[in-house]
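These notes concern the structure reproduced below.
The values are calculated or read from the model by the stated rules, or taken from the named source; none is laboratory data. All values derive from a computational prediction rather than experimental measurement. Glycine also receives a Cβ, built like all others from the backbone with ideal geometry; neighbour counts cover every protein chain displayed. Only protein heavy atoms, including side chains, enter the accessible area calculation; ligands, DNA and RNA are left aside. Shrake-Rupley method; radii C 1.70, N 1.55, O 1.52, S 1.80 Å.
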Amino acid sequence: AEPTIGSGARPASGMLMPADVSEALQWARTFDAERLKRWFQTDWARLGPLQFLEYRAAAFLRAVGNAWAAKELEVRHEHFASAVLGDFLRSVRQPLDDRAAGPIAALATLPGEGHGLGLQMAAVVFALADWRPLILGVDTPIEQIAALTREVQIAVVALSCMEPQGSR
């Protein structure tokens, strides 16, 4: 069956709880890409794309960021975990991109923002909706985003940013 924007199974209770990511954090600490990928694949298949992004990918990223801030993970662990999730998101998005025939959405982060997983997650959502995501990447100068809109028929520009530390 083709994935749709609303696809995704819910547990019998009707409520999805954030993932217990303690095991996944341990896999990041030990650089166990295979277990992380299997965890992502299992929950993607079980929950569907949108539920996976909200309740698994986002929960995992928050946990990695919190563990890094608490000095429970180091930069190498955070970069490894982000790379494994980014690779997974690109792999599941590719077939959606290949079929997408709708308008083009340009995705970027502004100068100074070096986190790109929000772009990958947003690109999945756009592709699910039959939009064609065009990812410019992180730390993109504003004038380059503007130039793209003059060169290519862009329907929307989507910007991704990370919540500043200590803003809660």
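For Glu23, all conditions in the list (1) closer than 22 Å to Leu159 by Cα; (2) open to solvent by 20 Å² or more (accessible area, probe 1.4 Å); (3) at pLDDT below 95 hold save one; what is the number of the exception? Here Glu23 clears every test but (1). Could you please let me know if Gly118 is small (Gly, Ala, Ser), surrounded by 14 or more Cβ atoms within 10 Å (Cβ to Cβ) and at negative phi? So Gly118 passes the test.
Of the numbered criteria (1) open to solvent by 60 Å² or more (accessible area, probe 1.4 Å); (2) within 22 Å of Ser22 (Cα to Cα), the one Ala155 fails is (2). Of everything listed in (1) more than 29 Å from Asp43 (Cα to Cα); (2) open to solvent by 50 Å² or more (accessible area, probe 1.4 Å); (3) not in a loop (DSSP other than H, G, I, E, B), the single unmet condition for Val125 is (1). Being farther than 23 Å from Cys161 by Cβ and over 16 Å from the mean Cα position of the chain (by Cα) is a condition met by at least one residue of segment 61-73.
Residues that are open to solvent by 20 Å² or more (accessible area, probe 1.4 Å), aliphatic (A, V, I, L, M) and touching a helix residue (DSSP H, G or I) at 6+ places or on another chain (Cβ under 6 Å) within segment 27-60 comprise just one, Ala33. Restricting the search to helices (runs of 4 or more DSSP H) fully inside segment 29-71 and requiring at least 1 residues that are more than 20 Å from Phe126 (Cα to Cα) gives 33-47, 58-69.
Is it true that Thr140 is farther than 21 Å from Trp44 by Cα, open to solvent by less than 20 Å² (accessible area, probe 1.4 Å) and not in a strand (DSSP E or B)? Judged against the criteria, Thr140 is a match. Between Leu73, Leu110, the distinction of being touching a residue at least 40 places away in the same chain (Cβ under 8 Å) and either under 24 Å from Phe40 (Cα atoms) or not aliphatic (A, V, I, L, M) (or both) belongs to Leu73 only.
Return yes or no: is Leu96 part of a helix (DSSP H, G or I), more than 13 Å from the chain's Cα centre (by Cα) and surrounded by 17 or more Cβ atoms within 10 Å (Cβ to Cβ)? Against the criterion (part of a helix (DSSP H, G or I), more than 13 Å from the chain's Cα centre (by Cα) and surrounded by 17 or more Cβ atoms within 10 Å (Cβ to Cβ)), Leu96 qualifies.
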